[in-house]
Every structure is written in structure tokens, then in C-alpha cells.
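Contents: one structure, followed by commentary.
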Amino acid sequence: MSMNQREVRRQYKETIQPMGIFQIKNLDSGKIFLDWSLNLPGSLNRHLFQLEMGSHRNRELQADFSRLGKQAFELSVVDRLDPTDETDRNYTEDMKSLLALWMEKLDPTGDRGYHGQKKA
């Protein structure tokens, strides 16, 4: 690997990717799957790839995707988290809190989503 390739890789790894909350929506039923990511483009690609390969971790979502096909689903960003000036900040807790807010707001449980039954 040349020095130029190493430098490009290093710069890519140091670049903060768009982060936030995304959803996978079943356009047929309206059910949604919510998740968070520190790298939205990468996560959206990964989830779509897993669904297309039949290996998504959410079995109910996978079953619907396999039955209905890609055209029956929409992947979209629900909310973005802007980075701060702190270069070494870990955004994991921020993302978990943001996801909790969206889970409460959208309530993707039961017939509304792919997150099991609502907890009492």
C-alpha cells in the first residue's frame, strides 16, 4: 500500500460521518424498525444488505422483507445529531438517548413496529 493510500485511509477514518436515527418502514403495513448509527450511510447500506441476504437480526422484519420485497420498504433518516467541536467525543450515549426519545414518540411496538410488545 502506498503512502498516499494510507493517508487517504487515515483521513477517512478521522472524518466524522453523518450520525443519527434511521428507520426502515414497511410501506404496506406502516410498521417501522428504528435504530441509531454513528455512520448513517454505512448502517443504511449494512441493514439493506442484510435484508437482501436474508440475515437481518430482526426476524420479523426479515420475514416481511423476504415476503414483500425491497420495493415495499423505505429506509430513511429520522433525525441527525450534529457533532460538537470536541474531537475525541464519544457520541454513543447521545445516540442512545436520542433513540429513546424517538422510540417514545413513534412507539414502534406491536402492530406499529418491529420492536416487540410495548413494556408496561
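Read-outs: derived from the displayed coordinates by stated rules, not from any lab. Remember, it's a predicted structure, so these values are computed and weren't measured experimentally. In this analysis, Cβ positions are derived from the backbone assuming ideal geometry, glycine residues included, and neighbour counts consider all displayed protein chains.
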Virtual spin-label span in nm between Gln117 and Glu93, 7 Å along Cα→Cβ: 3.4
Dividing the alpha-carbon Rg of the chain by 2.2 N^0.38 Å yields what? 1.23
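Under 8 Å for C-alpha pairs, at least 6 residues apart: give me the relative contact order for the chain, rounded to a whole percent.
Relative contact order for the chain comes out at 32 percent.
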Label-point separation (nm) for Ser66 and Ser29, each offset 7 Å from Cα along Cα-to-Cβ? 1.4
To the nearest 0.05, how large is the calculated FRET efficiency for Glu52 and Gln17 if R₀ is 22 Å and r is the Cβ-Cβ distance? 0.50
Can you list the residues, at least 5 places off or on another chain, whose amide H is less than 5 Å from the amide H of Lys31, using H built in the peptide plane? Asn26
Lysine pairs in the chain with Cα atoms under 19 Å, if 8 or more residues apart or on separate chains: 12
